[in-house]
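Asks: Here it is, the structure in full.
The values are calculated or read from the model by the stated rules, or taken from the named source; none is laboratory data. Quantities reported herein were computed from a predicted structural model and do not represent experimental measurements. Positions of Cβ are generated from backbone atoms using ideal geometry, with glycine treated the same way; all protein chains shown enter the neighbour counts.
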Amino acid sequence: MNKNEYTNHRNKSLFQIFKTFFIKIKMCMNRSIQYVSLINAGMILFLLLSRLKEVGVINFEIDKYLIFIYIGGILAAIIVGFIEIKLIRGYSEENIVAFRLNPYLMEMLTKTREIHSKLNLDKKDNECV
């Protein structure tokens, strides 16, 4: 692949330009959806606590402590994420799967292996001499 292929927009077809544009838009939308999901989790937490108060399971004012409860929920999510990354190593497995699904990275891996095997053969040839 040519280095200028990625930087020169004149060589790209109209389809490739739109494809790149929509991929960037999708990435921005996915990023913003992650932040909206945090707000949504707070609203669900508020509804759950309101319902528990109506039933009589909890006996304190939710409105006074909602911010603290929400921050506690975010901290709990951070702790669970930390445990997943450090102890369970789920994030590493996700990256391995994503790496295998990416054709460009797989092509780079095969080329790197080819270069590595050629270098090993060259070293063996030099050792015999």
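Asks: Taking residue 21, is it modelled with pLDDT of 85 or more and surrounded by 10 or more Cβ atoms within 10 Å (Cβ to Cβ)?
Replies: Yes, satisfied.
Here is a yes/no grid of residues against (1) over 29 Å from the mean Cα position of the chain (by Cα); (2) among the hydrophobic types (A, V, I, L, M, F, W, C):
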| site | (1), (2) |
| --- | --- |
| 51 | yes, no |
| 54 | yes, no |
| 61 | yes, no |
| 101 | no, yes |
| 104 | no, no |
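Asks: Please determine whether any residue of segment 70-86 is surrounded by fewer than 11 Cβ atoms within 10 Å (Cβ to Cβ) and more than 22 Å from residue 41 (Cα to Cα).
Replies: Within segment 70-86 (the criterion being surrounded by fewer than 11 Cβ atoms within 10 Å (Cβ to Cβ) and more than 22 Å from residue 41 (Cα to Cα)), the answer is yes, since at least one residue qualifies.
Asks: Now for a different question. If you go through segment 83-93 one residue at a time, do you hit one that is in the same structural domain as residue 43 (by TED's automatic domain parsing), at pLDDT 85 or above and hydrophobic (A, V, I, L, M, F, W, C)?
Replies: Yes, segment 83-93 has at least one match.
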